[in-house]
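Scroll down for the structure; my scribbles are underneath it.
The values are calculated or read from the model by the stated rules, or taken from the named source; none is laboratory data. Because the structure is predicted, anything quoted here is derived from the model rather than measured. As a convention, Cβ positions derive from the backbone with ideal geometry for all residues, glycine included, and neighbour counts pool all protein chains shown.
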Amino acid sequence: MNPRSFVLTSATFAIGTAVAPSYGVALTRRLVAAAGAAAVTPVAPVAVTPPAPPHQRGRALAVVAAGVALLPSPCWPVSATSH
């Protein structure tokens, strides 16, 4: 995997979470967001490990794991109030 795959999957996730004018559009975008999130989770560690120096790969993976774990938290209130 290359970093372009990571950027593409991240963009898919961002597009899928945009504000929707109706329930049908919101549901469709959520499905697109789910596909993007499902792709980002396995691609992110693969994208950050090769560019990092060998002695900092653990730190790079920790940052990815923290992002995957913590990033959804501030998004839930925004998502709940935007519909």
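With respect to (1) crowded, with 16+ Cβ neighbours inside 10 Å; (2) among the aliphatic types (A, V, I, L, M); (3) not in a helix (DSSP H, G or I), the lone exception for A52 is condition (1). Among residues of region 13-28 being surrounded by fewer than 17 Cβ atoms within 10 Å (Cβ to Cβ) and under 14 Å from the mean Cα position of the chain (by Cα), the one that is modelled with the lowest pLDDT is A18.
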